[in-house]
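J.: Before I ask anything, here is the structure I am working with.
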Amino acid sequence: MDKELVIVLDFGGQYNQLIARRVRECSVYCEVHPYTLSLEEIKEMNPKGIIFTGGPDSVYSEKSPRCTKELLELDIPILGICYGAQVIAYLSGGKVETAPVSEYGKTEVETDNTSVLFRNVSKKTVTWMSHTDYIPEPPAGFRICASTSVCPVAAMECVERKLYAVQFHPEVMHTKEGKKMLSNFVYDICGCNGDWKMSSFVDETVKSIREKVGNGKVLCALSGGVDSSVAAVLLSKAVGRQLTCVFVDHGLLRKNEGDEVEAVFGPEGPYDLNFIRVNCQERFYAKLKGITEPEKKRKIIGEEFIRVFEEEAKKIGVVDYLVQGTIYPDVIESGLGNSAVIKSHHNVGGLPDCVDFKEIIEPLRMLFKDEVRKAGLELGIPEHLVFRQPFPGPGLGIRIIGEVTSGKCYIVQEADAIYRDEIAKAGLDKNLGQYFAALTNMQSVGVMGDDRTYDYAIALRAVNTSDFMTAEFAQIPWEVLGKIASRIVNEVKGVNRVLYDCTGKPPATIEFE
Ligand code: XMP
């Protein structure tokens, strides 16, 4: 695809992905690369602009990450953010020092609107600062274009060399007019036209898959999640019945989920593909019998999933391509290695070893989650699949504390379905990040009618989060919670108590195991 490109050079900042997302929201394609990218590689990519990220180091320390001075002389517009701004100052022969007063949090800066970077930005605007070092004065050739009471160089520019630097973080939401500033950079400074659109992504990807696959056979493990669904539909559009999707129903899905996936992707659905649903609920329950340790459960479910997939693949015979729903954050998190790796156990991967195939196709490899959703809508995938909540690979296996049995799966499926139903009725479903019912392993005394019960407690969890790495518990109104609890104990046999989880992450995790 021959499109405009802005690259983010990652110096180890926590917001590297966010910068790229914000640029893409401006309809300009953006990729994150390590700061070690060579000048030749950069020239080869022919970017319209470069953004330097923040980072945890001090630019003057010996081993801190730095690019070469020559990069600043390529005549490609550069925007340095926080540490990235200090890199520009340092490489331009300027001073960077520990600030007498370090700024953290929302900070008002005064901008100079004659700078293109701040065109149509308020004279006084709130930004997000997070720094202990600062640039006390601009290097030769630069001029100050924003400042605060304690930070004389909150932004600087050298228009002739197309170099721009901001001490604050325009990519985070707290910087009120940050998007405008990034948009000014990519459009008015880099000269982009904004050619990154989901419709063209879909058309171009379908075309390139078709060329690549030719008459080959393609296999896809379909989970019903948004990533694998969008990948499958892209492939179906490109190569139709050369694609076979295998959907493993391991009995740890939510209520009716298996049938819902089949309704969309099966023979009655709108797509041209071969769909195989493997009903192997009992096989998984048998494997999980007596197992209580969370990590062991996860491992068993993951391994058994691969065995089932392998058996089905063998029936199909030799395939040429295997489709995976890898998305850009997986690529960044496993590849760049500068910022701290936060997740490890979530990226399931692991299928390629067990199936004979020539090559992997990862059509969503360069997309962020919100872009995958946009592509899904573009492809006409039903909204309930496109906006489906994240659901872990091990499914209900990690929402049932202790041993997993078919009876416990039934309880948690029913309770969860009531929970989701009432949340939707209360109009809260679009406001919550993730919410689900879990089955605690606790049984306690209750009274129903005239009888004493000794039944399970269901825990309800609802969180709001932007990245699933941290989360806050959601404040669901009491009357909604009361209604849900009452319906669960009345309608789900085996439950006599409902608890609401008021812990954030950290210290708890989102899932229970
Ligand atoms: P935790 O529980 O780690 O969850 O706070 C963060 C997000 O990741 C999902 N999650 C998983 N997804 N396999 C997955 O595919 C897993 O083993 C797994 N564990 C947690 C969880 O639902 C939440 O969105």
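The values are calculated or read from the model by the stated rules, or taken from the named source; none is laboratory data. This is a predicted model, so every value here is computed, not measured. Backbone-built Cβ (ideal geometry, glycine too); neighbour counts: all protein chains shown. For accessibility, only protein heavy atoms count, side chains too; no ligands or nucleic acids. Shrake-Rupley method; radii C 1.70, N 1.55, O 1.52, S 1.80 Å.
J.: Among the residues of region 224-233, write down those that are touching a strand residue (DSSP E or B) at 6+ places or on another chain (Cβ under 9 Å) and surrounded by 24 or more Cβ atoms within 10 Å (Cβ to Cβ).
T.: S229, A231, A232
J.: Still on this structure, I have one more. For region 1-17, what are the residues that are open to solvent by 10 Å² or more (accessible area, probe 1.4 Å) and of a type in the set (F, W, Y)?
T.: Residue satisfying the conditions is Y15 alone.
J.: Having 3 or more residues that are among the charged types (D, E, K, R) and open to solvent by 30 Å² or more (accessible area, probe 1.4 Å) is the bar; report the strands (runs of 3 or more DSSP E) wholly within region 18-129 that clear it.
T.: 97-111
J.: Still on this structure, I have one more. Tell me which residues, restricted to region 265-297, are out of contact with any strand residue (DSSP E or B) (no Cβ under 7 Å at 6 or more places or on another chain), assigned to a helix (DSSP H, G or I) and open to solvent by 10 Å² or more (accessible area, probe 1.4 Å).
T.: E282, R283, Y285, A286, K287, P294, E295, K296
J.: Criterion first (closer than 21 Å to T465 by Cα, more than 16 Å from the ligand (Cβ to nearest atom) and in contact (Cβ under 8 Å) with a residue 40 or more places away in the chain) does A426 satisfy it?
T.: yes
J.: Further question: State whether one or more residues within region 242-258 are more than 21 Å from L288 (Cβ to Cβ), in a helix (DSSP H, G or I) and touching a helix residue (DSSP H, G or I) at 6+ places or on another chain (Cβ under 7 Å).
T.: Yes, that holds for at least one residue.
J.: Still on this structure, please answer the following. What are the residues in region 167-185 that are charged (D, E, K, R) and open to solvent by less than 10 Å² (accessible area, probe 1.4 Å), if any?
T.: Across region 167-185, the qualifying residue is only E171.
J.: Does V150 count as assigned to a loop (DSSP other than H, G, I, E, B) and in the same structural domain as I81 (by TED's automatic domain parsing)?
T.: Yes; evaluated as a whole, the condition is true for this residue.
J.: Taking the criterion of being more than 16 Å from the ligand (Cβ to nearest atom) and at pLDDT below 95, would at least one residue in region 386-393 satisfy it?
T.: If we filter region 386-393 for residues that are more than 16 Å from the ligand (Cβ to nearest atom), which is where we start, we get 386.
Now restrict to residues that are at pLDDT below 95: 386.
Within region 386-393, one or more residues are more than 16 Å from the ligand (Cβ to nearest atom) and at pLDDT below 95.
J.: Take the conditions out of contact with any Pro (no Cβ under 9 Å at 6 or more places or on another chain), open to solvent by 50 Å² or more (accessible area, probe 1.4 Å) and not in a strand (DSSP E or B) and apply them to G141. Does it pass?
T.: Taking the combined requirement at face value, the residue satisfies it.
J.: For region 467-477, what are the residues that are touching a residue at least 24 places away in the same chain (Cβ under 8 Å), part of a loop (DSSP other than H, G, I, E, B), surrounded by fewer than 17 Cβ atoms within 10 Å (Cβ to Cβ) and away from the ligand (no atom under 12 Å from the Cβ)?
T.: Selection gives P477 alone.
J.: Which one of these is within 11 Å of the ligand (Cβ to nearest atom), charged (D, E, K, R), closer than 18 Å to F436 by Cβ and open to solvent by 30 Å² or more (accessible area, probe 1.4 Å): K505, K483?
T.: K505
J.: I would also like to ask the following. Identify the single condition in (1) open to solvent by less than 10 Å² (accessible area, probe 1.4 Å); (2) closer than 30 Å to Y410 by Cβ; (3) touching a residue at least 40 places away in the same chain (Cβ under 8 Å) that F247 does not satisfy, given that it satisfies every other one.
T.: (3)
J.: Scan region 402-430 for residues that are among the basic types (K, R) and either closer than 19 Å to Q475 by Cα or open to solvent by 50 Å² or more (accessible area, probe 1.4 Å) (or both) and jot them down.
T.: The answer is R420, K425, K430.
J.: Out of region 363-372, which residues are open to solvent by less than 50 Å² (accessible area, probe 1.4 Å) and closer than 13 Å to V323 by Cβ? Even if it seems obvious, please write down each step before you answer.
T.: So the first thing to find is which residues in region 363-372 are open to solvent by less than 50 Å² (accessible area, probe 1.4 Å), and the list is 363-364, 367-368, 371-372.
Those that are open to solvent by less than 50 Å² (accessible area, probe 1.4 Å) and closer than 13 Å to V323 by Cβ: P363, L364.
J.: Which residue pairs have Cβ atoms under 7 Å apart, sit 6 or more places apart or on different chains, and have a first residue in region 157-172 that is in a strand (DSSP E or B) and a second that is open to solvent by 10 Å² or more (accessible area, probe 1.4 Å) and of a type in the set (A, V, I, L, M)?
T.: As it stands, the answer is Y164/I189, since those pairs meet every condition given.
J.: For region 453-466, what are the residues that are away from the ligand (no atom under 16 Å from the Cβ) and among the charged types (D, E, K, R)? Give the steps one after another, and end with the answer.
T.: Filtering region 453-466 down to residues away from the ligand (no atom under 16 Å from the Cβ) leaves 453-458.
Result: D455, single match.
J.: Would you mind stating whether T68 is under 16 Å from P170 (Cβ atoms) and either more than 33 Å from the chain's Cα centre (by Cα) or among the β-branched types (V, I, T) (or both)?
T.: Numbers: under 16 Å from P170 (Cβ atoms): no; either more than 33 Å from the chain's Cα centre (by Cα) or among the β-branched types (V, I, T) (or both): yes.
Here the answer is no, as T68 does not meet what is asked.
J.: Further, regarding this structure: Inspect all residues belonging to region 391-398 and state whether any of them is within 30 Å of V213 (Cβ to Cβ) and part of a loop (DSSP other than H, G, I, E, B).
T.: The answer is yes; a qualifying residue exists.
J.: So G494 fits all but one of (1) under 24 Å from R298 (Cα atoms); (2) away from the ligand (no atom under 16 Å from the Cβ); (3) in contact with a Gly (Cβ under 8 Å, 6 or more places away or on another chain); what number is the exception?
T.: (1)
J.: OK, next. Take the residues of region 444-466 that are of a type in the set (S, T, Y) and part of a strand (DSSP E or B): which is farthest from C502 (Cα to Cα)?
T.: Among residues in region 444-466 that are of a type in the set (S, T, Y) and part of a strand (DSSP E or B), the one farthest from C502 (Cα to Cα) is T453.
J.: Restricting to region 173-193, give me the number of residues that are touching a residue at least 60 places away in the same chain (Cβ under 8 Å) and of a type in the set (S, T, Y). Talk me through it step by step, then tell me what you get.
T.: Filtering region 173-193 down to residues touching a residue at least 60 places away in the same chain (Cβ under 8 Å) leaves 174, 178-193.
Pick out the ones that are also of a type in the set (S, T, Y) and you get 183, 187.
Summing the residues that are touching a residue at least 60 places away in the same chain (Cβ under 8 Å) and of a type in the set (S, T, Y) in region 173-193 gives 2.
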